[in-house]
Amino acid sequence: MTHKTWLTTAALLALVALSGCGQASGQTKSQDKTLNVTLADEPATADPNKDTDTNSASLIYQTMEGLYTYNRSNKIVPGVATKVVKPTNHGKTYTFTLKKNAKWANGQAVTAQDFVTSLQRMANPKTKAQYASVLSAFKNYAAVQKGTLAPSKLGVKALNQTTLQIQLTKAVPYFNDLVASKYYPLNTAAVKKYGAQYGTMASKTMSNGPYKLVGWTGSNSTWHYVKNSHYWNAKNVKINKVKVAVTKDETTAENLFKAGKVQETTVSGQFVRANSNDSQLHTHLQGRLQYLYVNSKKTATNSENLRQAVSYAVDRQQLTSQVLNDGSKPALSAVPRGDQANPKTGADMATEVGNQLPQDLTKAKAYWQKYLKETGKSKVTLNLLTDDTDDDKKVGTYLQSVLEKNLKGLNVTTTAIPHAQHVARDFAGNFELNLTGWSTNWLDADDYLELAAKGNTVNFTNWNDPTFNQLLQKANAQSGLARYKGLMTADKYLMSVKGYLPLYQPAEAKLISKNVGGLSYSLLNEAQYQYAYWK
């Protein structure tokens with residue numbers, strides 16, 4: 001009764017609002033109408049040198065632009081650069097010419113030095129950029145990270161105001177994707193002014209993309225993307241203002257959409273099941289894997305027997321089809337579907353590797369008994385860390401149930417916290433079991449396999465296996481089909497010893513208003529609001 005009354009009230013309010021809009025429609029251009037969208041959790045930073053979480057990446061994606069960008073069909077096209085360039089020096093030297101009309105939101109020109117400032121700052125160990133490894137192929141990167149060479153020695157140089165040169169130590173097959181998604185410029189004057197505080201709030205951030213960031217304090221749950229009038233392609237940005245609201249509860253998001261208060265939002269599997277024929281519902285598989293990490297740094301969880309027992313106890317098909325039921329797919333190995341194709345046959349690597357992660361309760365119980373024997377315990381309590389989002393809490397509850405049911409003597413407690421806090425605990429290694437995920441910016445299996453490599457800043461498990469490290473290094477020293485086969489071998493070995501435990505490849509279900517066009521998604525990318533328009 002209360003629920004029906006709430007909806008009725010909301011409907012009446014919506015009618016009043018719509019009638020008001022109707023009266024003013026003749027006086028207001030559609031581009032002045034605010035697009036309302038939601039984000040699943042709070043971003044941790046607006047600093048492109050420091051972001052590692054998906055929510056920060058979403059914010060940066062809408063407000064920043066690199067040398068390359070993605071068009072409305074998610075193909076790489078020139079951004080700040082005048083063209084997509086061909087490398088010289090056997091794929092190791094890239095020379096970019098910048099658009100003369102590329103500008104920051106304050107009207108200053110985007111210069112080659114702004115890219116140098118950003119990339120040197122990211123490589124500088126004092127910055128503590130947690131994903132600095134995306135620069136690992138740059139000349140002198142390793143020495144800069146170790147502190148034995150100054151950041152100025154990194155293989156990036158401003159030849160003049162509009163010419164940037166990058167020197168690599170080896171050819172990188174997915175380099176264009178990195179250029180488009182990770183190598184953003186930073187306004188040199190703003191970085192000097194704000195230092196380590198750069199990107200902690202909108203007022204200490206400078207945008208060069210289609211939108212500038214307005215109203216984000218670093219901790220609030222509502223802000224705006226406002227059209228950057230100085231953006232070189234501003235004339236083709238059809239919507240002037242986008243309001244973003246963090247909405248962790250997907251039922252709330254659904255109700256906001258139905259009431260006409262938001263035009264793009266993410267919804268749960270429960271909604272997908274009940275509304276599969278809704279023309280405003282759009283689902284797509286993501287270039288992402290969700291994992292259960294087991295901390296090798298802690299005594300209680302530093303055990304291959306534990307990892308094997310936990311992995312074999314989980315039914316990934318049941319998890320995706322019955323718990324999530326939103327189009328997500330069970331993980332087959334460390335490489336998600338669609339991530340890398342066989343250079344000779346075009347076959348998908350995930351399919352060629354096959355299912356390395358079956359449920360097998362006999363093996364689960366046997367490994368569990370080995371774990372109990374090695375620890376000298378008959379009962380064990382372990383904590384599972386998750387985000388405080390609907391999906392994470394549902395998956396956490398499922399894991400708690402299935403592990404306690406199949407591994408006798410195991411008690412699993414759960415801790416659900418905001419995403420930014422979760423990321424901080426990832427890097428601090430402050431967890432026993434950890435439900436987390438990784439989204440890639442380029443289609444290459446190495447990005448996922450490196451998560452288990454020694455010395456990788458995002459190896460949250462602290463797992464280290466010399467055999468795996470050698471297999472990965474050997475694969476990456478090769479090219480073409482030999483490299484592809486080497487990565488497959490590394491993948492199979494990683495899964496055989498369960499260095500980490502992939503669970504599923506998420507699908508994302510979006511509700512998009514029938515009044516809005518131009519929003520498209522891919523394995524790699526969210527929709528760019530610069531391409532959105534009111535129908």
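The values are calculated or read from the model by the stated rules, or taken from the named source; none is laboratory data. Here the structure is a predicted model, which means the values were calculated and not measured. Quick reminder, even Gly has a Cβ in these numbers, built from the backbone with ideal geometry, and neighbours come from all protein chains shown. Side chains included, ligands, DNA and RNA excluded: accessible areas come from the protein's heavy atoms. Shrake-Rupley method; radii C 1.70, N 1.55, O 1.52, S 1.80 Å.
Once you reduce the stretch 181-236 and the stretch 41-61 to the center of their Cα atoms, the two points are 11 Å from each other. Separation of the alpha carbons by more than 21 angstrom is noted, of K128/K227; K33/K535; K86/K157; K363/K474; K50/K212, for K128/K227; K363/K474.
Accessible surface comparison of T148, T169, T95, probe 1.4 Å, protein chains only, largest first: the order is T148, T169, T95.
Within the stretch 332-380, none of the chymotrypsin sites (Phe, Trp or Tyr not before Pro) combine a DSSP coil assignment with at most 16 other C-beta atoms in a 10 angstrom radius. Normalised by 2.2 N^0.38 Å, where N is the number of residues, the alpha-carbon radius of gyration of the stretch 222-263 equals 1.50.
A straight Cα-to-Cα reach below 15 Å connects K193 with the aspartates and glutamates D47, D114, residues fewer than 8 places away in its own chain not being considered. T169 sits among other residues whose Cβ lies under 12 Å from its own Cβ, and their net charge, with Lys and Arg +1 and Asp and Glu -1, is +3. Counting only DSSP beta bridges whose two residues both lie in the chain, roughly 75 percent are antiparallel.
Length gained on full extension, N277 to K192, computed as 0.36 nm times the residue gap minus the Cα-Cα distance: 25.3 nm. Computed over the stretch 403-508, the quotient of the alpha carbon radius of gyration and 2.2 N^0.38 Å is 1.22. Here the Karplus curve 6.51 cos²θ - 1.76 cosθ + 1.60, taken at θ = phi - 60°, turns the phi angles of the stretch 394-404 into couplings of 5, 5, x, 5, 4, 4, 4, 5, 6, 6, 5 Hz, with x standing for Gly and Pro. How much of the accessible area of the chain, probe 1.4 Å, is carbon plus sulfur, in whole percent? The value for the chain is 50 percent carbon and sulfur by accessible area. Dipole magnitude for the stretch 211-280: about 420 debye, using +1 per Lys or Arg Cβ and -1 per Asp or Glu Cβ, origin at the Cα centre.
Distance distribution P(r), the stretch 231-386, all Cα-Cα pairs, bin width 10 angstrom from 0: 8, 24, 26, 24, 13, 4, 1 percent. Averaging the sequence gap over all C-alpha pairs within less than 8 Å and six or more residues apart, then dividing by the number of residues, gives the stretch 366-495 a relative contact order of 19 percent. Could you give the size of the charge dipole of the chain about its Cα centre, using +1 on the Cβ of each K and R and -1 on the Cβ of each D and E, expressed in debye and rounded to the nearest 20? The dipole magnitude comes to about 1240 debye. With contacts taken as Cα pairs under 8 Å and at least 6 residues apart, the stretch 334-398 reaches a relative contact order of 15 percent.
Net charge of the neighbourhood of Q197, taken over other residues with C-beta under 13 Å away and scored Lys/Arg +1, Asp/Glu -1, is +3.
Residues in the chain average 43 Å² of solvent-accessible surface per residue, probe 1.4 Å, ligands and nucleic acids excluded.
Accessible area per residue was computed with a 1.4 Å probe on protein heavy atoms; K139 scores about 100 Å².
The amide H of T205, built 1.01 Å from its N in the peptide plane, has G199 as neighbours under 5 Å, considering only residues 5 or more places off or on other chains. Could you work out the helix-only [θ] at 222 nm for the chain, with each DSSP H run of four or more residues adding -39,500 (n - 2.57) and the total divided by the number of residues, to the nearest 500 deg cm²/dmol? Taken over the chain, the calculation gives -9500 deg cm²/dmol. Computed from the alpha carbon positions, the gyration tensor of the chain leads to an equivalent ellipsoid with semi-axes of 37, 33, 20 Å, biggest first. Take the Cα of A341, step 7 Å toward its Cβ, do the same at K373, and the gap between the two points is 4.9 nm.
First check a/c for the stretch 459-535, with a ≥ b ≥ c the square roots of the eigenvalues of its C-alpha gyration tensor; if it is under 1.5, answer rounded, and if not, answer prolate when a/b is larger than b/c or oblate otherwise. Prolate, because a/c is 1.5 or more and a/b exceeds b/c.
Computed on the Cα atoms alone, the convex hull of the stretch 341-469 gives a volume of 156 cubic angstrom per residue.
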